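The values are calculated or read from the model by the stated rules, or taken from the named source; none is laboratory data. What you are looking at is a predicted structure, and each value in this text was computed from that prediction instead of being measured. All Cβ positions, even for glycine, are placed from backbone atoms using ideal geometry, and neighbour counts span all protein chains on display. Surface areas here come from the heavy atoms of the whole protein model, side chains and all, with no ligands, DNA or RNA. Shrake-Rupley method; radii C 1.70, N 1.55, O 1.52, S 1.80 Å.
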Amino acid sequence: MKRKSKVGITAEHVFYAILIGTSMIMLWRGVWGLLDTYLFPHNKTVSYSVSVIIGLLILSVTGRIVKKLT
């Protein structure tokens, strides 16, 4: 039986955490900007409502996929 080795947080872990975190923020910012520009740009209420519905659908689908995989 293999034993898991316990390794502390290294500079490499911190670097990758910062890199991944920054990438996620930049992706979020870009998607947000595109949605503001193209998804019902003259009607914010409809734009926000459609965004919420799309987000809930994506979360629902990915939640079901995760349940099937586990």
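Of note:
- All positions within region 1-22 that are modelled with pLDDT under 85 and among the polar types (S, T, N, Q): S5
- Residues of region 26-52 satisfying the condition of being hydrophobic (A, V, I, L, M, F, W, C), open to solvent by less than 80 Å² (accessible area, probe 1.4 Å) and either in a loop (DSSP other than H, G, I, E, B) or in contact (Cβ under 8 Å) with a residue 24 or more places away in the chain (or both): L39
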